[in-house]
Amino acid sequence: MAREKLGRQAVEEAMAGLDGWTVAGDGLSISRSFTFRNFSEAFAFMTRSALAAEKLDHHPDWSNVYKTVDVRLSTHDAGGLTALDFELARRMNRYAGG
């Protein structure tokens with residue numbers, strides 16, 4: 001999957017079908033907060049997401065507090081957003097059930 005930085009129009013198009021995510025003010029990352037029923041569900045989500053991240057060789061910046069997982073995606077070596085960020089975001093949405 002391409003690690004080329006996407007232009008503004010491509011980012012806007014990718015965001016159109018990506019529920020719950022927002023683009024940072026500088027346009028270099030996307031973020032979302034996922035809330036689950038409990039810690040076990042949050043941890044299960046993180047485990048599935050971690051396995052997907054390994055397969056994509058693309059890893060999120062994230063944190064977990066009890067039942068909430070905050071995620072920020074950006075392709076650091078490209079200096080912004082790439083197709084990898086949107087692929088991982090779509091997978092995370094599926095894993096969260098949305």
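Quick notes
- Selected residue [touching a helix residue (DSSP H, G or I) at 6+ places or on another chain (Cβ under 8 Å), farther than 14 Å from THR82 by Cα, part of a loop (DSSP other than H, G, I, E, B) and in contact (Cβ under 8 Å) with a residue 40 or more places away in the chain] from GLY20, GLY27: GLY20
- Selection status of ALA96, at pLDDT 95 or above, aliphatic (A, V, I, L, M) and either over 14 Å from the mean Cα position of the chain (by Cα) or surrounded by fewer than 16 Cβ atoms within 10 Å (Cβ to Cβ) (or both): no
- The condition (being modelled with pLDDT of 95 or more and surrounded by 15 or more Cβ atoms within 10 Å (Cβ to Cβ)) is satisfied by just one residue among ALA44, ALA78, ALA53: ALA53.
- Meets criteria (under 11 Å from the mean Cα position of the chain (by Cα) and exposed (fewer than 14 other Cβ atoms within 10 Å of the Cβ)) for THR22: yes
Results for (1) assigned to a loop (DSSP other than H, G, I, E, B); (2) surrounded by fewer than 19 Cβ atoms within 10 Å (Cβ to Cβ), shown as yes or no for each residue.
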| site | (1), (2) |
| --- | --- |
| ARG3 | yes, yes |
| LEU6 | yes, no |
| PHE34 | no, no |
| ARG90 | no, yes |
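The values are calculated or read from the model by the stated rules, or taken from the named source; none is laboratory data. Source: prediction; values computed, not measured. Cβ coordinates were reconstructed from backbone atoms using ideal geometry, including for glycine residues, and neighbour counts include every protein chain displayed.
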